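Peer 1: Below: one structure in structure tokens.
The values are calculated or read from the model by the stated rules, or taken from the named source; none is laboratory data. Owing to the predicted nature of the structure, the values given are computational and were not obtained by experimental measurement. Cβ atoms come from the backbone with ideal geometry, glycine included; neighbour counts cover every protein chain shown.
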Amino acid sequence: MYINRGSGFLGNMPPVVKNLVILNAIMLLISMLTGDFMYEKFALFYFDSPLFKPYQLVTHMFMHGNFLHLFFNMYSLIIFGIVLEQVWGSQKFFIYYMVTGLGAAVLHSLVLFLEVSALENAYEAGNMMAANSIQILNMTPTVGASGAVFGVLLAYGMLFPNNVLQLIFPPIALKAKWFVMIFGAIELYLGLSNQASNIAHFAHLGGMLFGYLLIIYWKKKNRMYF
């Protein structure tokens, strides 16, 4: 369990959540000051892109597109992540966070692979516009902690399924388990129906999927809380 020894807003946070918030904020500040450089180096690109580097599977989790993107991710991390870090301890929470973030990148990249493969088949069949679509996918960066944050949300729903969450919009109260299932269903629907979206819905689902698998593994091995 975490023992609070600090004071103030950051001092009240357990160490992993606090350092994640600080690191993500610093990365956004540097990105705003340096422009495209940070995104070209540290955002996640499709593995066949000339801009892809393996380390981007990790670094993209600490990059954000703008302040609102950062704010909503960090707000959710604080609300749900503090509870999980207090219950699990910092080491286990950090492992979980990184696994779900990497899982988000894996599923997102797999979906991109399927999209590119379909476009390559279309190009070979005579659709010249498909080549432009492939180029766009190759050069589109993916950034954000959302995959890991969705994993954190999933864990909260699994550990505290009957805790009631008060939503701001719509202004209703829901048990955590329903909140998680509804969000997961919405992400799946949007991912399947809105291919032109600039939101990586399958990355969100990847974070939830890998989080679910890791929690099930911990439960099976009786390692949930140590």
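Peer 1: Quick check: is even one residue across region 105-127 at negative phi, surrounded by 20 or more Cβ atoms within 10 Å (Cβ to Cβ) and of a type in the set (Val, Ile, Thr)?
Peer 2: No: zero hits.
Peer 1: Hey, another quick one. What helices (runs of 4 or more DSSP H) lie completely within region 104-198 and have 1 or more residues being acidic (Asp, Glu) and at pLDDT below 95?
Peer 2: Those helices (runs of 4 or more DSSP H) span 176-193.
Peer 1: Can you find even one residue in region 71-78 that is surrounded by 18 or more Cβ atoms within 10 Å (Cβ to Cβ) and in a loop (DSSP other than H, G, I, E, B)?
Peer 2: no
Peer 1: Now, a different point. It is to be established whether one or more residues within region 169-186 are crowded, with 19+ Cβ neighbours inside 10 Å and under 23 Å from Glu115 (Cβ atoms).
Peer 2: Keep residues of region 169-186 that are crowded, with 19+ Cβ neighbours inside 10 Å, which gives 176, 179-180, 184.
Narrowing the set further to residues that are under 23 Å from Glu115 (Cβ atoms) leaves 184.
Within region 169-186, one or more residues are crowded, with 19+ Cβ neighbours inside 10 Å and under 23 Å from Glu115 (Cβ atoms).
Peer 1: While we're looking at this one, here's another question. (1) crowded, with 19+ Cβ neighbours inside 10 Å; (2) of a type in the set (A, V, I, L, M); (3) modelled with pLDDT of 95 or more: which one isn't true of Ala25, the others all being true?
Peer 2: (1)
Peer 1: Considering (1) more than 14 Å from the chain's Cα centre (by Cα); (2) closer than 17 Å to Leu107 by Cβ, say which one Asn138 fails and leave the rest.
Peer 2: Only one criterion in (1) more than 14 Å from the chain's Cα centre (by Cα); (2) closer than 17 Å to Leu107 by Cβ is unmet by Asn138, namely (2).
Peer 1: Only residues that are crowded, with 17+ Cβ neighbours inside 10 Å and more than 10 Å from the chain's Cα centre (by Cα): list them for region 90-104, please.
Peer 2: Lys92, Phe93, Phe94, Tyr96, Val99
Peer 1: If you go through region 42-70 one residue at a time, how many are more than 14 Å from Ala148 (Cβ to Cβ) and in a loop (DSSP other than H, G, I, E, B)?
Peer 2: 14
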